[in-house]
Amino acid sequence: MLGKNPGEEILLGLVGRFWTRSGGIRRLDGDSFRKFTEPDFAKTVWNFYLSEKENQTVLSTETRIACMDDRGRRNFKIYRTFIRPFSGIIRQEILKVVRRETEFKAVI
């Protein structure tokens, strides 16, 4: 976890070579994540954000990617071409699960 504003937002981060078979994942703390610049890697930040709209709580998510160099950008661009549709589906499914769980707990 990179950071949080309780009741408002959570930031998750991951470093890797997502386009490789192993993913090249590096487990880093927040400070190391921010300082990371190794070539041919990408950093991704994924947030979950709560907001109010028409007396309802809305949960949204956004993914941001930063590639560390041109080679990483080229590799990620190819990878993204194939993974992008599935990435959107995964985010939608996660949001559905969170909604079901929170609505279920609200009823109890």
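Side notes on the structure shown:
- Partners for Lys35 among lysines (Cα-Cα distance below 21 Å; same-chain residues under 8 apart left out): Lys4, Lys43
- Here the chain is assigned +1 on the Cβ of each Lys and Arg and -1 on the Cβ of each Asp and Glu. Its dipole about the Cα centre then comes out at about 540 debye.
- Helical contribution to [θ] at 222 nm, DSSP H n ≥ 4, -39,500 (n - 2.57), averaged over the chain, rounded to 500: -14000 deg cm²/dmol
- Compared with the dominant Cα axis of the chain, that is its longest principal axis, helix 70-107 is turned about 20°.
- Calculated mean projected area of the Cα convex hull in nm² (choose from (i) 16.8; (ii) 7.5; (iii) 8.3), label: (iii)
Rule-based calculations on the coordinates, nothing more; no lab input. Everything numeric here is computed off the predicted structure, so don't read it as measured data. Cβ sites come from the backbone with ideal geometry, for glycine too, and all protein chains shown count toward neighbours.
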